[in-house]
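Scroll down for the structure; my scribbles are underneath it.
The values are calculated or read from the model by the stated rules, or taken from the named source; none is laboratory data. Fair warning: this is a prediction, and the values are worked out from it, not measured in the lab. So basically every Cβ, Gly included, is an ideal-geometry build from the backbone, and we count neighbours across all protein chains shown. When the accessible area is computed, the model is the full protein with side chains, heavy atoms only, and any ligands, DNA or RNA have been set aside. Shrake-Rupley method; radii C 1.70, N 1.55, O 1.52, S 1.80 Å.
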Amino acid sequence: MPLTRIAMKRGKSADYQRKIMDQVYQALCETFDVPEDDRFMTISEHGDATFDFGKNYLDIDRSDDLLLIQLTVSNTRNLEQKQALFARIVKRLTETPGLRPEDIFINLVEVPKENWSFGHGLAQYA
Amino acid sequence: MPLTRIAMKRGKSADYQRKIMDQVYQALCETFDVPEDDRFMTISEHGDATFDFGKNYLDIDRSDDLLLIQLTVSNTRNLEQKQALFARIVKRLTETPGLRPEDIFINLVEVPKENWSFGHGLAQYA
Amino acid sequence: MPLTRIAMKRGKSADYQRKIMDQVYQALCETFDVPEDDRFMTISEHGDATFDFGKNYLDIDRSDDLLLIQLTVSNTRNLEQKQALFARIVKRLTETPGLRPEDIFINLVEVPKENWSFGHGLAQYA
């Protein structure tokens, strides 16, 4: 169910990108109980003029490796689960492929369960 | 009012892409009463390393032709209308340009009517 | 906190794009009290077949310079503030880089404050 959109600067390898998607997906499974194979993700790559970020907002020192991760999910998780997700994504991505914890920005957009169709034109969660 | 974002694998023709946007727009008109010319849509194209999906989630057999369709709409539709939209998008896209019903993933994000400005800096629906 | 996604037709200069991001950010500061350096923005560029819009919806005459601006923000603003934001974005962009007021489409997606992580895997606003 999560629909994950990740924006980053251009120039990373396919292997690096696949690792990022794998780790974010594993973090979703571990903290949001996302089922096996429930995985829908895109990465958009940007040049200097189309990717812009505050280099020190909240005294966090960001680099050009910053990921902007926006996850659309069902509105069924509480604050604790969201905090667990944020922490787990960062733990995993700092291990593989080895990002800095400062370089991981995450935003959740929540929708009712009836707002998903996974194929065949049905609202499978309604 | 709907803002439609479609993600797909790179490699399809402009004609194929235009047909997809036309059919999704027609389905919105027919089931969500979207007015004539109320049409704002983008497609993003992805390579193998930036487009990732569960090939069998919910026992639906997806191929590389998968579309990830995210529609931001006003929060004025009920479940029946959402189900009608999902079904209509799939019916239309399977006819033209001829997608498999398994390859159509849809997600709705809902916002209040006051959250739109269609030009001139006004909130035309507020 | 705002996560800003702007879609436009391909072919504009980096200078033009940077000006757009600067002006939208300034408008957010002035009307939504966005703090200094709280700035996370991307632009996606599209060809003819991947960018589609109603040329006259609501009798607004749009050109290929149209911007589709989608801002994800915390759900703490009232209608007046939203109207002020829309007006300010348009005022600024018509001055610099000199867009037509008809060519600025804006949509807000609102999320609870706990839905953001700005780094280190923490929910800094929770």
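Odds and ends about this structure:
- The residue pairs whose first member lies in region C:93-114 and is more than 7 Å from chain B (Cβ to nearest Cβ), whose second member is crowded, with 21+ Cβ neighbours inside 10 Å and assigned to a helix (DSSP H, G or I), and whose beta carbons are closer than 7 Å, counting only pairs six or more residues apart or on different chains, are C:LEU93/C:ILE20; C:LEU93/C:GLN23; C:THR96/C:GLN23; C:PRO97/C:ILE20; C:LEU99/C:LEU93; C:GLU114/A:LYS82.
- If you go through region C:1-19 and keep only what is outside any helix (DSSP H, G or I), farther than 21 Å from C:GLY119 by Cβ, facing chain A (nearest Cβ under 10 Å) and open to solvent by less than 30 Å² (accessible area, probe 1.4 Å), you end up with C:ILE6, C:MET8.
- Any hit, region B:20-30, residues being open to solvent by 10 Å² or more (accessible area, probe 1.4 Å) and assigned to a loop (DSSP other than H, G, I, E, B): no
- Residue that is nearest to B:LYS19 (Cα to Cα), among those in region B:88-126 that are within 12 Å of the chain's Cα centre (by Cα) and hydrophobic (A, V, I, L, M, F, W, C): B:LEU93
- Test result for B:PHE53, buried (at least 18 other Cβ atoms within 10 Å of the Cβ), away from chain C (no Cβ under 13 Å) and within 25 Å of A:GLN26 (Cα to Cα): yes
- Of residues in region C:72-82 being buried (at least 18 other Cβ atoms within 10 Å of the Cβ) and within 9 Å of another protein chain (Cβ to nearest Cβ), the one nearest to the chain's Cα centre (by Cα): C:THR72
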